[in-house]
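**Q** Dumping the structure here so I can ask a few things about it.
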Ligand code: SIN
């Protein structure tokens, strides 16, 4: 794949590429923006190294793709509502994203993409795995694809935010809970995508509880045990990774305790997922 203003170095043949030749703190030309958009569609996960970004420059890059998302947990984190701090220390009881998920898929309009800018990394470890959900769909059998194409599932923010993190929503409120098709179509590429994730998806609508659990467990196992779906991003301070939540899942590996890892994430509001 050729671009006019940047070069890409693939991480794997089908997901993930490092991008060279772009300074995200500078004003990006129309051609550069077009190349980044195309590379994002081509590779699903883009890794920009050695970036020096202020929070405003980080947000400006996010706004190139749409309005910024305010995370439902911001009530607990404080700070700039459009920046989610991802910080894990020796004292942490959990770390954000330690399990396969798509960001905030409980929203009616989940983020189309997220940009994590890494500030502090452990001596080693703390990588993030990304998986290609178009490929996850394609590697299911045709009867399974056809069955899933007619189904929808509930995505519930209470599962991670209360169940895993133990953070209750502020007085009287509840976390977002929404129904999305199990197989969605990427609004730009047209690719079909497996859109259930172990972080947020509680059940498949219209099925008995045991049937739904067995089916979801099969799909989550498919994702977690198929390394050929994935790429792995190794972070350095100054790395910004931009991933497409409409067609990927990710898993932040917490293998570095008691060391610290710290980054800041900006997410961009997407469309309602469609079958
Ligand atoms: C997340 O956005 O889920 C966190 C990703 C990471 O920390 O690598």
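The values are calculated or read from the model by the stated rules, or taken from the named source; none is laboratory data. Model, not experiment: these values are computed from the prediction. Glycine gets a Cβ as well: all are built from the backbone with ideal geometry, and neighbour counts include every protein chain shown.
**Q** Restricting region 116-142 to residues that are within 9 Å of the ligand (Cβ to nearest atom) and in a loop (DSSP other than H, G, I, E, B), which is farthest from residue 37 (Cα to Cα)?
**A** 126
**Q** Within region 66-85, work out how many residues are buried (at least 19 other Cβ atoms within 10 Å of the Cβ) and out of contact with any helix residue (DSSP H, G or I) (no Cβ under 8 Å at 6 or more places or on another chain).
**A** Qualifying residue count for the region: 1.
**Q** Of the residues 12, 102, 8, only one is touching a helix residue (DSSP H, G or I) at 6+ places or on another chain (Cβ under 6 Å) and over 19 Å from residue 264 (Cβ atoms); which?
**A** None of the others qualify; the one that does is 8.
**Q** Still on this structure: Of these, 97, 113, which one is in contact with a strand residue (DSSP E or B) (Cβ under 7 Å, 6 or more places away or on another chain), within 15 Å of the ligand (Cβ to nearest atom) and not in a strand (DSSP E or B)?
**A** The unique qualifying residue is 97.
**Q** May I pose another question? What are the residue pairs meeting all of these: first residue in region 125-151, first residue closer than 30 Å to residue 89 by Cβ and without any contact (Cβ under 8 Å) to a residue 40 or more places away in the chain, second residue within 16 Å of the ligand (Cβ to nearest atom) and in a helix (DSSP H, G or I), Cβ atoms under 9 Å, and 6 or more apart or on different chains?
**A** Within 9 Å, no pair qualifies.
**Q** Just checking, which of 153, 108 is surrounded by fewer than 15 Cβ atoms within 10 Å (Cβ to Cβ), touching a strand residue (DSSP E or B) at 6+ places or on another chain (Cβ under 8 Å) and at pLDDT 95 or above? Break it down into steps so the answer makes sense when it comes.
**A** Values: 153 fails: surrounded by fewer than 15 Cβ atoms within 10 Å (Cβ to Cβ).
Exactly one residue qualifies, and that residue is 108.
**Q** In addition: Taking interchain pairs and intrachain pairs at least six residues apart, which have beta carbon atoms under 6 angstrom, with the first residue in region 72-98 and under 21 Å from residue 110 (Cα atoms) and the second part of a strand (DSSP E or B) and away from the ligand (no atom under 14 Å from the Cβ)?
**A** Pairs found: 82/68.
**Q** Further question on the same structure: Quick one: in region 100-110, of everything that is in a loop (DSSP other than H, G, I, E, B) and within 16 Å of the ligand (Cβ to nearest atom), which residue is farthest from residue 223 (Cα to Cα)?
**A** Among them, the one singled out is 107.
**Q** Continuing with the same structure: Filter region 52-65 down to the residues that are within 15 Å of residue 119 (Cα to Cα) and surrounded by 14 or more Cβ atoms within 10 Å (Cβ to Cβ) and list them by number.
**A** Listed by number, the residues that qualify are 53, 55, 57, 58.
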